[in-house]
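The values are calculated or read from the model by the stated rules, or taken from the named source; none is laboratory data. Owing to the predicted nature of the structure, the values given are computational and were not obtained by experimental measurement. Cβ atoms come from the backbone with ideal geometry, glycine included; neighbour counts cover every protein chain shown.
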Amino acid sequence: MKKIAIILSFFCALTLVSCEGFLDIAPSNQADSSTCITSESDAQVMLNGLLRKMTSSSYYGQNFMLFGDARGGDFTIYTAGYTGSNMYYFAHTQVSNTYSGIWSQIYNCLLQANNIIVNIEKLKADGNTSSGLDNILGQAYTARALMHFDLVRVYGQPYNMNKSALGIAVVTEPVDAGAQLQRSTVEEAYTQILADLNTAAPLLAKKKVLGYINYYANQAILGKVYMYMDNYSAASSAFANVIDSGVYSLYKPSEWVASWTKQNGAESIFELGIYPSEGDLGGSSYGVLFRRKNHGNSSAYGCFSASEYWHQIMDDADVRWGVMDYDHMYGEEERSNWPVCCYKYSGSPSLAGDGKSTSTAVNVKVIRLSEIYLLAAECYFQSGNKGKAAELLNAIAVRNPNQGEWTSGNVSLDAIFDEYRRELLGEGKLFFEEMRQNRKINFEDDAWGFGTSTSYRESTIDRTFFRCILPISQDEINANPNIQQNPGY
């Protein structure tokens, strides 16, 4: 099978890359990947390469994030034909606009994660007791769990909708080029994800580690997985391990806007490094997709804008307006009335970036403490502890000084969800949450009065719509007939 059953004969040189502040280990000579990990330093370099692969434009660098933002209803577009518009319109079939790079790149990353795991286990079996090996192993297991979790959310139905549906091919060991793997069920994928996270947890550092996966990132992912399974008690316990640790702290309202101009801030639990000399996608970077036309880059088309649905839940005094700016469709003088462009992944509306030499090399904040607070608030609400839910919600809602206090008497799931929308706009999250919570999604398809519409979906959908999950590319099915197509395609 061409794309996920790739023979393990990659050159280590493909993954032994270096960059300032993130990869500080010199590459070794190229060698067969099944034998090139002979020490802790080799394993560290391979892990560095894995984390770098995760910033690909097909994964956290762009398309996976876009899947979560473009399809959630809080963004609209003014015209079709630009990067990401097919994602917004759900205009994908098994032979066109498949975004198959999400599938192939994540399986490419899984190949590397499995190589790290297998080789470290061999080193340990041979008596290597180097203190850092367990930590690297724990990171590889956690990364493998995250990758399977990301894949099954894109290509499989939500667990709490139909856990018996076809999910993904679960890959936990090196496979040869002739393998013809089959898709496991959604439930089987989640079983493996939980197993990997629980295996990894005791191996990981319980401290902040910049640019890498630690125990708290593991627990944050674990909590999210449990939420998809409607196991709110287990999820809240995992989230409590993060929140109660004191390792991370929420930004004060006065700090929030500037936090986007910094790397690895107080709220950042897991952040993937992107550097000008490595991983900087330039005009194809995620931040450029959301700028107004030609702002700082000729590839900025001003296509994605915050929809009226998002504006309706925002108070004028909310500090989070500080990362928004006007669109080219309206003049600068109207910015206070219609700020629609999200500049989180450009650092600021002035294109400050996050402290590097370009405004497009901005680290990907995979997990932030704010998200964990809001997810934990939902867990406590679902478990009947509305007082705790209100407490956690209030900690984030202070970013709007006009927001009244939430209490056990007035807190609701909608209140928590709307705060999630305010806080996480443009961070690749919303659509996944709407699928998990079985919410209807409304699209403002004609926001600019151009008669924009699509034949691929209605203006309101829910998770029963078959296009909510991506098709398996026909090329993949041709290479491996055991990979069945998703229903409807």
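Observations on the structure shown:
- Test: residue in segment 176-186 that is over 24 Å from residue 206 (Cα atoms) and part of a helix (DSSP H, G or I): yes
- Contact map, segment 364-392: first residue under 13 Å from residue 243 (Cα atoms) and of a type in the set (S, T, N, Q), second residue in a helix (DSSP H, G or I) and at pLDDT 95 or above, Cβ cut-off under 7 Å, separation 6 or more or different chains; pairs are 370/396; 370/423.
- Remark: pairs (first residue in segment 225-238, within 15 Å of residue 149 (Cα to Cα); second residue among the β-branched types (Val, Ile, Thr); Cβ separation under 6 Å; 6+ apart in sequence or on different chains) = 225/193.
- Wholly within segment 51-149, helices (runs of 4 or more DSSP H) carrying at least 3 residues that are surrounded by fewer than 22 Cβ atoms within 10 Å (Cβ to Cβ) and not small (Gly, Ala, Ser): 100-125
- Residue match in segment 279-292 (condition: in contact (Cβ under 8 Å) with a residue 24 or more places away in the chain and over 29 Å from residue 81 (Cβ atoms)): no
- Among the residues of segment 151-178, those that are under 20 Å from residue 116 (Cα atoms) and surrounded by fewer than 19 Cβ atoms within 10 Å (Cβ to Cβ) comprise 172, 173, 174, 176, 177.
- From the list 113, 80, 169, 143, the one residue that fits, being among the aliphatic types (A, V, I, L, M), over 19 Å from residue 431 (Cα atoms) and at pLDDT below 95, is 80.
- In segment 292-321, residue nearest to residue 399 (Cα to Cα) [restricted to those that are touching a helix residue (DSSP H, G or I) at 6+ places or on another chain (Cβ under 6 Å) and in a loop (DSSP other than H, G, I, E, B)]: 313
- Filter result (surrounded by 20 or more Cβ atoms within 10 Å (Cβ to Cβ) and closer than 24 Å to residue 228 by Cβ) within segment 391-422: 392, 393, 396, 411, 416, 419, 420, 421, 422
- Screening residue 96 on (1) over 23 Å from residue 455 (Cβ atoms); (2) free of Cβ contacts under 8 Å to residues at least 60 places away in the same chain; (3) of a type in the set (Ser, Thr, Tyr) shows it passes everything except condition (1).
- Criterion applied to 436, 467 was being closer than 24 Å to residue 414 by Cβ and among the basic types (Lys, Arg), and the one residue passing it is 436.
- Scanning segment 239-265 for residues that are of a type in the set (Phe, Trp, Tyr) and in a loop (DSSP other than H, G, I, E, B) yields 248, 251, 260.
- Residue match in segment 180-196 (condition: in contact with a helix residue (DSSP H, G or I) (Cβ under 8 Å, 6 or more places away or on another chain) and more than 23 Å from residue 155 (Cα to Cα)): no
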